[in-house]
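Enquirer: I'd like to ask you about the structure that follows.
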Amino acid sequence: MAKQNGQGSYRGTGGELHQTNTDSQAHLTTNQGVSVSDDQNTLTVGPSGPQLLEDHVMREKITHFDHERIPERVVHARGYGAHGYFEPYKSHAKLTKAAFLQDPKERTPVFVRFSTVAGSAGSPDTARDVRGFAVKFYTSEGNYDLVGNNIPVFFIQDAIKFPDLIHSVKPAPDRDFPQAQSAHDTFWDFVGLTPESMHMLMWVMSDRAIPRSFRMMEGFGIHTFRMINKQGDSTFVKFHWRPKLGTYSLMWDEAVKIAGADPDFHRRDLWNAIESGDYPEWELSVQAFTAEQAEEFGYDVLDPTKLVPEEEVPLTPLGRMVLDRNVENFFAETEQVAFCPSHVVPGIDFSNDPLLQGRLFSYLDTQLSRLGSPNFHQIPINAPKNSAQNFQRDGHMQMGVPAGRVANEPNSLDDGSPRENPKEGFASYQAEEAGSKQRIRPESFADHYTQARLFYHSMTTPEQKHIVGGLAFELGKCKETKVHTRMLGHLRHIDKDLSIEVAEALGMKGQADKIKPAVEPFDMKPSPALSQYAKAPDSIAGKKIGLLTTHGVESKLYNALLKAAKEESAQVEVIAPTIGPMETSSGKEIEPDHFLSGAPSALFDAVVIAPADESLAAMPDAVNWLRDAYAHLKVIGYNGNTEQLFRKAGIEQGADEGVLDVAGGQFDALVAAAKKHRVWGREP
Ligand code: HEM
């Protein structure tokens, strides 16, 4: 007989724990609402006998579990979402009649999902990849989805090539590796044979593809869209999201190490920031221009492999988005959310960009299979807040109970049924179109190198070096010589020195293929706005300082660091050799956030090493911690008990402007140095 083991729980005859309900707790029930008496044991004939098929409680539970998974997204499978709101700065009626852009007092709820493209749902956050930046605005006129990326251009010009692009970057179908990586032959073979991808490749090989945080990432709508105002005037627009914290990236070696130490680095960062009330914020802007202006640009604004430099068309800020609420259930919200570029509201319309046009088809189609029913718009995260009203009926998992006899229109039997609204309903912009039916790419799309060159030449020196490093790493993982030499040939048209440096890194100098460009590239004026470091804000807000210390850490230094970080809206995390509670020199108990071997210095933006004694010098993990921080160009603060540790790491105290004595709690210089993000001069 079961024995009572305190209120609300007892041990069963096999020693298993039963948690039973108290007066204030709900009953555990089956899905039919029937109270369950025992959730630990299946119904059997005697304690050791066979199980009985009649056990509906066990069968229902296992059956539901067996069907818990749905297909992951065919791309962008790994992602993380949050709720928030958007508010315009003022009315943008001149540009658009979209209701959510009219009234600065009106907040529109949003749901955002950030993602990587290539990896499966369980892949590490810090893979080198494009990041998805998808925003669903629940406007008073229905849902508007801005489904963009953190890079303003794309690999291909026509959606018919998307399956090929994705097949080439996903694990090879015969061996199913590599996971979450473009560093393999099929990808580089495909892009080498698809020169329109050269501009995007420059971005993907740059630091943009290894962001520091979702909170520190730009977003772009990529395609040229239209905004339509009340008078029916159309303006072309390109959408930009700009993070308030500035745009920052990891270094490649950090990204690799973080993938092991914390594969959830980006989702944890977003979740923690929102939980602690440090709400991330982005400004939404557009570059607005007329069709006549676009004629003068020298590139085609309908080509998604081209951007419009901000120096040519500056940003018009529209409003701000704040993410202030984490999801309550990852599956119900983040996994089931369905973004779709064709979800537009009156005042926003499409252009003829052939990639966009193909996307308008693909998303609803894929979601029918991913979410399993045409009724997925009824799932709470997808449902418009202004409610959908039409005569679509039935289908798998119909959740509503549409009442009434009439499910058709026109009808004269139900005066209360929904009707068309010619005045305010969505009406497509009446663009004049003419021509014969053909499968043909516009000649204006044929310049594949000019903007790749623009991007490379707009980078700072460290950014250029990282592009060389990215290309060398990725091509170094390829086995096929023809893949190497072809890519070196393309790089020559972007920048000769770039091609030579990558060739040298591969040991293939002079082996670039001779490739004849479809159109000779030319030099555009460099665009400093494309460089994330050239425009980085002077701030450490939202960043993390790692304090590596030991039991007995000097309390004055510890408190001064907390104060300095707080004043700058940065955060301190404590790393110690063990995870148990420890004390400062004044006896205050602190609980380390991490233990040393579980938290490499790559997880932090700047570091302070301030132990109570020299004991860290005897720990290889501590030596690596410091070496890595130095190699990753971090600002490093230290106190007096670190001489042996620095000697072992082969780093001189005060070696450069980023290795600073903070003994006694002097953090002004460290904060000032950390605002430069990294000690770029240290990079070999
Ligand atoms: C400018 C180019 C593109 C951008 C910016 C883009 C962006 C995105 C983003 C952000 C997502 C993830 C949405 C989420 O978080 O749930 C996504 C998913 C997806 N994209 Fe794209 N994409 C582009 C091109 C394409 C093209 C050309 C196609 C196909 C023709 C395509 C098909 C898909 C599909 C099938 C999904 C999965 C949707 C789902 O299962 O919910 N994308 N895309």
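Enquirer: For the full complex of protein chains and a 1.4 angstrom probe, list 34, 57, 153 by accessible area with the highest value first.
Expert: 34, 57, 153
Enquirer: Seen from all sides and averaged, what is the projected area of the convex hull of the Cα atoms in segment 483-576, in nm²?
Expert: About 11.0 nm², averaged over all directions.
Enquirer: Let me ask you something else. Beyond 35 Å, what share of the Cα-Cα pairs of the chain is found? Please give it as a whole percent.
Expert: Within the chain, distances greater than 35 Å cover 53 percent of Cα pairs.
Enquirer: Then there is this: Using the Karplus curve 6.51 cos²θ - 1.76 cosθ + 1.60 with θ = phi - 60°, work out ³J(HN,Hα) for each residue of segment 546-554 in order, rounded to whole Hz, and write x for Gly and Pro.
Expert: Whole-Hz 3J(HN,Hα) from phi for segment 546-554: x, 9, 8, 8, 9, 3, x, 3, 4.
Enquirer: In addition: Round to the nearest 0.05 the FRET efficiency obtained for residue 366 and residue 621 when R0 = 41 Å and r is the Cβ-Cβ distance.
Expert: 0.35
Enquirer: Another question about this same structure. Quote the charge dipole size of segment 544-682 about the Cα centre in Debye, to the nearest 20; the model charges only the Cβ of Lys and Arg (+1) and of Asp and Glu (-1).
Expert: Computed about the Cα centre, the dipole is about 360 debye.
Enquirer: Report the full-extension gain for the segment residue 680 to residue 579: residue separation times 0.36 nm, less the Cα-Cα distance, to one decimal in nm.
Expert: 33.0 nm
Enquirer: Given a Förster radius of 45 Å and the C-beta distance between residue 394 and residue 271 as r, what FRET efficiency does 1/(1 + (r/R0)^6) yield to the nearest 0.05?
Expert: With R0 = 45 Å, the Cβ-Cβ based efficiency is 0.70.
Enquirer: For a Förster distance of 56 Å, can you work out the FRET efficiency between the beta-carbons of residue 401 and residue 588, rounded to the nearest 0.05?
Expert: 0.40
Enquirer: Under a point spin-label approximation (7 Å from Cα along Cα-to-Cβ), what is the residue 67-residue 253 distance to one decimal in nm?
Expert: 5.2
Enquirer: Work out, step by step, the length gained on full extension between residue 292 and residue 672: first 0.36 nm times the residue separation, then minus their alpha carbon distance; give nm to one decimal.
Expert: Gain on extension, residue 292 to residue 672, equals 132.1 nm.
Enquirer: In what sequence, highest mean first, do 138-146, 546-554 appear when ranked by Cβ atoms within 10 angstrom?
Expert: So the peptides 138-146, 546-554, ranked by packing, come out 546-554, 138-146.
Enquirer: Check which residues have an amide H placed less than 5 Å from residue 590's amide H, if you skip close sequence neighbours.
Expert: 582, 583, 584
Enquirer: Right, here's the next one. Provide the three semi-axes, in whole Å and in decreasing order, of the ellipsoid equivalent to segment 317-447 as defined by the square roots of 5 times the Cα gyration tensor eigenvalues.
Expert: 31, 24, 17
Enquirer: Any chance you could get the radius of gyration and Dmax over the Cα atoms of segment 1-113, in Å?
Expert: When restricted to the Cα atoms of segment 1-113, Rg and Dmax are 25.8, 78 Å.
Enquirer: Something else now. What are the ³J(HN,Hα) values, in whole Hz, obtained from phi via the Karplus relation 6.51 cos²θ - 1.76 cosθ + 1.60 with θ = phi - 60°, for each residue of segment 78-85 in sequence order, with x given for Gly and Pro?
Expert: With the stated coefficients, segment 78-85 comes to 8, x, 8, x, 7, 9, x, 8 Hz.
Enquirer: Compute the distance in nm between two label points, each set 7 Å from the Cα along the Cα-to-Cβ direction, one at residue 383 and one at residue 431.
Expert: 3.5
Enquirer: Could you state the orientation-averaged shadow area of the convex hull built on the Cα atoms of segment 544-682, in nm² to one decimal?
Expert: For the Cα atoms of segment 544-682, the hull's average projected area reads 6.9 nm².
The values are calculated or read from the model by the stated rules, or taken from the named source; none is laboratory data. Everything numeric in this text was worked out from a predicted model, so none of it was measured. Backbone-built Cβ (ideal geometry, glycine too); neighbour counts: all protein chains shown. To get the accessible areas, we keep the full protein, side chains included, count just its heavy atoms, and leave off ligands, DNA and RNA. Shrake-Rupley method; radii C 1.70, N 1.55, O 1.52, S 1.80 Å.
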